[in-house]
Every structure is written in structure tokens, then in C-alpha cells.
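The values are calculated or read from the model by the stated rules, or taken from the named source; none is laboratory data. Everything numeric here is computed off the predicted structure, so don't read it as measured data. Positions of Cβ are generated from backbone atoms using ideal geometry, with glycine treated the same way; all protein chains shown enter the neighbour counts. To get the accessible areas, we keep the full protein, side chains included, count just its heavy atoms, and leave off ligands, DNA and RNA. Shrake-Rupley method; radii C 1.70, N 1.55, O 1.52, S 1.80 Å.
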Amino acid sequence: MDRNSGIVVLTGAGISRESGLHTFRDADGIWAKVRLEDVATPEAFARDPDRVQAFYDARRRGLMDPAIQPNAAHRALAAFESRWPGPFLLVTQNIDDLHDRAGSKSLVHMHGELLKARCLHCRWVGVHRGDLASHPPCPNCGIPTTLRPHVVWFGEMPLEMERITHALSTCGLFISIGTSGNVYPAANFVAEARTAGALTVELNLEESAGAAHFHDGEYGPATTVVPDYLDRLLAKAGV
Ligand code: APR
């Protein structure tokens, strides 16, 4: 692995599991408790906005619990980014802020961010840690009842796709961490990286639905597998 090669990392809910946040499709996952069609689509928001707001308000309050902290996998990625000489982009499907708090800088939240809101009236987007179900006024235009979570629902376009596609088309290594490979377009990133000639590696608790698309895979809890893999990668590149 040449030290000037570009690296793209994709993370999913599995990387935050050991920080105490639930995944979506594991037995104890979020979609085992509530139907995504009822809380994670534009149609659900149009049909019952208060229910959707309450769902994200509860998750936002949970994320701000002091017990929820970045784990060794988040920290290892932030440390690796600061040491890697070549281009590096971390793309997360997660709407938590654990990568941000761990210190990752070259970071894209392709599904948005739970601690941000957007105004349906003036298009403002910014940090908003309070509940939205209480219809707070938009900090920019002041109109109440116009804020929604700044998250990407099923059927909506993920964020910063041009930046992601460019990084994938020029990378030498693609690493997928803690994702089941169920949701597109993220599930297709491995194919895009392979088309660019990149080596592709899956680091996951167990083989994902897309495991066969990767050149390599290492399996176990992210807090063990990720720091170990990244340390070996730096050593092999002589960094
Ligand atoms: N370490 C590493 N991987 C883990 C761990 C762990 N401790 N615990 C669980 N995993 C793995 C699971 O084996 C699974 O493959 O993390 C993956 C989680 O998969 P999902 O629950 O489907 O989450 P994710 O892939 O992030 O979902 C993608 O779907 O619902 C939408 O928008 C939501 O961003 C989300 C998207």
C-alpha cells in the first residue's frame, strides 16, 4: 500500500455499537422496535410529523447522554487520518457525532446529522440540540413549526455524493466498517472502488450481505479489529 494512495473509509452503525448506540438490523436494532416506514420517510413526516419528531427527539436526547462517548474505533480512525500522508476521506452513514467528537476532520455525514436541523421555510441548516416536537422557531427566520431533523430519509438523496464519488474513483484502498451493506448507494461503494482498481476490505462483526464483493475481510468487534488493522496499515506503509 503506497503511502501516497488515497483511502476512503465507510462506516455504519456497527462502529458506534460499543459506544452504546443501537444498530438498525441486529436483533436488538432500531428497526426491530419501530417500522422505518413510520418514522424515516418523507411520507411518514407528512402523515404524522409529531411522531417522526418524537422519534428523533428521543434519539437526540439519547446521543447527548454523557455515557455515550467515541470508542477506540472512532479514535483510531481520527489518529490514522492525522498520520496518513495521502488523501483520506471518512464517509459515515451514521447520524451520531462520535466521529466528530473523536477528532475526524475529513468527514462526510452522507445521511445527515442528528444534532442538526433544517428549516423548511428558509432552508437554514445548523446545530440544534433541543427537541423539535415542541415546534421551536427557526433560529434564522424565526418561524415556528418549520424545523425538521437534518437527516436523510429513505427516498431522499444522500449528501455530498459528488465528493464521495470523486474520492472513490481515485482511491487505492476502500475500507468498510460496521455496515450490513443493505442500503444504497453506500452498498455500491465497494464496486465503485474496485472499478477504480482499489483494494477493498471489510471490517465487521460478521460477514455482511456484501462480503463477497471485498478482496479481504477481518471480523470481530470494531474496537478490536479497527485499531489493529489501521496500526498494521501504517506500519506496512512505513508511516
Ligand atoms: N463491531 C463491528 N460491527 C458491528 C458491531 C461491532 N461491535 N456490532 C454490529 N456490527 C455490524 C453488524 O454485524 C452489521 O453488519 O454492524 C452492521 C450494522 O448494520 P445495520 O444495522 O444495517 O446498520 P447500517 O449498515 O449502518 O445501516 C445503513 O440503514 O436504516 C438505514 O440510515 C440508516 O444509515 C443507516 C443505513
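Dipole magnitude of region 116-185 about its Cα centre, charges +1 at Lys/Arg Cβ and -1 at Asp/Glu Cβ only, in debye to the nearest 20? Don't skip to the end; give the middle numbers.
On the way: 6 positive and 4 negative charges, 37 e Å.
So the magnitude is around 180 debye.
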Going by Cβ distance under 4.7 Å, what cysteines of the chain have no possible disulfide partner? C171
Size of electric dipole in region 82-239: Cβ of Lys, Arg +1 and of Asp, Glu -1, about Cα centre, debye, nearest 20: 560
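What's the Kirkwood radius of the chain in Å, using all Cα pairs?
Details: mean 1/r = 0.0539 Å⁻¹.
It is 18.5 Å.
Express the relative contact order of region 71-160 as a whole percentage, based on alpha carbon pairs under 8 Å and six or more residues apart in sequence.
On the way: 143 pairs, mean separation 22.5, N = 90.
Once divided by the residue count of region 71-160, the mean separation gives 25 percent.
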Principal axis dimensions, largest first and in whole angstrom, of region 70-162 by Cα: 46, 26, 22
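Taking Cα pairs under 8 Å and at least six residues apart, what relative contact order does the chain come out at, in percent?
That works out to 24 percent.
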Output the peptides 19-30, 143-154 sorted from most to least packed, where packing is the average of other Cβ atoms within 10 Å over each peptide's residues. 143-154, 19-30
Contour minus end-to-end for R101 and N140, with contour as 0.36 nm per residue of separation and end-to-end as the Cα-Cα distance? 11.5 nm
Theoretical ellipticity at 222 nm over the chain - DSSP helices of four or more residues, -39500 (n - 2.57) apiece, nearest 500: -8500 deg cm²/dmol
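Which order do E202, E37, E156 take by accessible area at a 1.4 Å probe, largest first? Can you show the working numbers first?
Values: E202 0, E37 85, E156 50 Å².
Highest to lowest solvent-accessible surface, that is E37, E156, E202.
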Charge dipole of region 91-160 about the Cα centre (unit charges at C-beta), most positive-ward option of Q93, G103, I143: I143
Gyration tensor on Cα atoms of region 177-239, a ≥ b ≥ c root eigenvalues, a/c under 1.5 rounded, else prolate if a/b beats b/c, else oblate, says oblate
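Tally up the carbon and sulfur contribution to the accessible surface of region 15-167 as a whole percent, 1.4 Å probe, everything protein left in place. Can you show the working numbers first?
Numbers: 3990 of 7220 Å².
Ligands and nucleic acids excluded, carbon and sulfur reach 55 percent.
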Per residue, how much accessible surface does the chain expose to a 1.4 Å probe? Answer in Å², no decimals. 46
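Please quote Rg/Rh for region 117-181 to two decimal places, taking the Kirkwood radius as Rh and restricting both calculations to Cα atoms.
1.14
Give the relative contact order (percent, whole number) for region 25-128; include only Cα pairs under 8 Å separated by 6+ residues.
This gives 18 percent for region 25-128.
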In Å³ and rounded to a whole number, note down the convex hull volume per residue for the Cα atoms of region 1-77. 136
